[in-house]
Each structure stands twice: as structure tokens, then as C-alpha cells.
Amino acid sequence: MAEDQLIFRDDASIQILNAVSLNLKDGAFAEAVGQLERLLERDVSSPGAASTLKCAAFWREREEEGGPRDGFERGERLLAQWRQFLAFAERLADVPEGCLFAIKRYVFSTALASYLKEAGPDGGSDPDVLLRLGRCCKGVGNYERAIDCLERANREKRESAAILAELADCYSLVSETRAAKVFFREAFFIDPQNVDLAELESPLATRLAARVRQRGLSGPEVAEWMPVYGAIWGVFSVKREMKPLELGKLKQSIFQLEKEIERGRRVLPRLLTRYFWLIDHYLMAGEPRRRIDEVLERIRELDPQVHAEYTT
């Protein structure tokens with residue numbers, strides 16, 4: 001190990017960093033700020049110390065703002081602040097993973113306790129509350145409990161893209177890949193804009209989103225095109241035959257989207273996604289090849305590049 005890598009990694013520095021980590025996890029941000037300031041007095045270039053100090057100061061300021069101390073509003077406030085923090089931390093060059101992990105544990109464990117204080121120990125039956133509980137359990141790494149909350153939310157509120165996406169994310173994080181692909185595919189089909197990409201943690205979702213962004217897409221377009229490229233690249237590869245009622249709704253949706261395309265509305269990825277679902281159904285139901293070819297021809301007319309990638 002190079003000599004400069006050993007500078008200031010003495011017992012006192014290690015003790016300070018360990019204490020900082022514990023205080024961040026406990027939400028003692030003022031104490032963490034003081035400890036980091038003392039560490040930086042020892043070495044202004046201590047790796048990660050300056051960025052960790054900025055993170056601790058971020059949360060100290062928000063704690064000093066006051067606001068609700070428990071209950072549903074406390075949980076909502078914490079999760080909103082977490083999203084702000086992620087955007088803030090992305091602008092810092094070298095935030096240690098341990099810093100992010102400690103703060104995340106504090107935020108999601110505190111939010112979870114706040115929601116449970118209002119909803120009761122079993123979380124109740126409100127699907128929106130169960131969704132939040134699922135996110136908090138996922139945030140603290142309790143994926144099994146998260147899945148339980150989200151499965152209950154899904155039973156209470158069918159066809160919610162937000163719930164299905166979170167459920168898919170958790171299944172992916174416990175290596176239940178088949179279930180994850182099914183639920184992600186359903187979520188993005190129902191409503192891509194109701195899938196909160198910032199909340200997704202599994203590599204299955206984050207890598208797909210990153211690849212879509214590499215195509216030059218950004219903002220809301222990323223979620224819209226994820227099911228298209230998810231089908232092309234084989235990410236959403238678990239498919240199912242549709243029930244007659246579902247097939248009727250799918251064809252009606254295609255008809256409506258075709259009309260919107262004619263009126264100049266930017267709904268191409270949603271229409272392409274539905275065409276992919278129709279092809280999948282035809283294949284699984286053993287429909288004549290000509291029906292599939294008709295759909296493929298329409299895809300070629302709409303987007304030759306997507307057609308080429310899909311059929312290659």
C-alpha cells in the first residue's frame with residue numbers, strides 16, 4: 001500500500017469515522033457534523049470526509065427546520081427529503097457508500113416507524129399506506145416484509161403501476177427474477193409515468209433505465225421507452241397468454257392510440273408496447289403467422305429502427 005494511503009488512518013481517525021457512521025444511522029446529525037469538522041482539522045484532504053460533512057449538514061438543517069415528529073406526515077416529509085438528498089448527493093464527487101447507507105437506514109427506519117404509528121403494527125389495509133410501508137421496508141433491507149406489504153397492497157388495489165413496480169423491484173432484490181420480470185412488464189404496460197424510477201433499486205431496473213438513457217432519452221421519455229427496449233433486449237422476457245377480456249381491452253387500447261398518433265400525440269412507445277403484447281399473445285395462442293406479420297408490418301411503418309431491432 002502506498003505511503004500516502006496510510007496518512008491519517010490512525011486509531012483516532014478510525015474512531016471518529018465509526019462514531020460518525022453510528023450518529024448518521026441514529027439521526028444525530030449535529031454530532032456527526034462536529035465530529036467531521038474535528039477530523040478535517042486533522043487532515044483537510046481526508047478521503048470522503050468533506051462530502052460526508054456536507055451530507056450530515058444537509059440533514060442537520062432539515063432536522064432544525066422542525067415539522068411533524070411522528071405519524072403519516074412525518075413519514076411523507078422524510079421520504080420527500082430523501083429524494084432531495086439523492087439529487088444533492090449526486091452532485092458530490094466522493095460520498096462514501098457507508099455514509100449513504102447510514103443515512104438511508106435512518107430515513108427509512110424512521111419513516112417506517114412513523115407510518116406504523118398511524119397505520120397500526122400490521123399496516124392496515126389502505127393500499128397507499130401499504131405501498132409506503134413496502135418502500136420503507138425495502139429501504140432498510142427487509143425485503144421479505146416489503147413483499148408482504150406490497151402483495152397486500154396489490155390485492156387491495158389492482159393494476160397500480162406504482163405498486164407492481166415496487167413489488168417487481170423487491171422480487172428482483174431477492175433473486176426471484178421470473179416474478180420480477182412479470183411484474184415489471186405489467187407495471188410499465190399499465191402506466192409508465194406512474195412508475196417512479198428514482199425509487200427502483202434492483203439492477204434489473206436500474207441497468208435497463210441506464211441503457212435507455214444511453215439512447216439519448218431523458219426525463220419522462222425514459223419510463224415510456226423502457227418497456228419497448230425491455231422487450232427488444234429480452235429484459236421483460238416472461239410473457240403470458242391473455243384472457244379474452246384482456247385481449248379485447250388491448251385491441252381497444254391499440255385503436256385509441258392509433259387515433260392519437262394520427263392527431264400528432266407523442267404516444268408511440270405505448271403503442272409499440274401494446275403491439276409487442278399482441279404479438280406475444282398470438283404466439284402463445286398459436287394464431288396464424290399472417291396475423292403476427294400484419295402487426296410487424298405496422299411496427300415497421302411506425303418505427304423502422306425498432307422493427308429492425310425487434311426482428312433481428
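The values are calculated or read from the model by the stated rules, or taken from the named source; none is laboratory data. Please read all numbers here as calculations on a predicted model, not as lab measurements. Here the Cβ is made from the backbone with ideal geometry for all residues, glycine too, and neighbour counts use every protein chain on show.
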note = Among residues of the range 73-101 being in contact with a Lys or Arg (Cβ under 9 Å, 6 or more places away or on another chain) and part of a loop (DSSP other than H, G, I, E, B), the residue surrounded by the fewest Cβ atoms within 10 Å (Cβ to Cβ) is Leu92
remark   = Of the candidates Ala113, Ala162, Ala87, the one satisfying the condition of being under 24 Å from Ala223 (Cα atoms) and in the same structural domain as Val20 (by TED's automatic domain parsing) is Ala87
inquiry  = Just to be sure before I move on: is Arg289 more than 15 Å from Val228 (Cβ to Cβ) and surrounded by fewer than 16 Cβ atoms within 10 Å (Cβ to Cβ) in the structure I sent?
reply    = yes
task = Given the conditions (1) more than 21 Å from Arg158 (Cβ to Cβ); (2) surrounded by 12 or more Cβ atoms within 10 Å (Cβ to Cβ), report the number of the one that Val238 does not fulfil.
result = (1)
request  = Could you tell me which of the residues Leu217, Leu150, Leu197 is of a type in the set (A, V, I, L, M, F, W, C), assigned by TED's automatic domain parsing to the domain that holds Ala231 and surrounded by 15 or more Cβ atoms within 10 Å (Cβ to Cβ)?
outcome  = Leu217
inquiry  = Residue under question is Ser13, and the condition is that it be assigned to a helix (DSSP H, G or I), touching a helix residue (DSSP H, G or I) at 6+ places or on another chain (Cβ under 6 Å) and modelled with pLDDT under 95; does it hold?
reply    = no
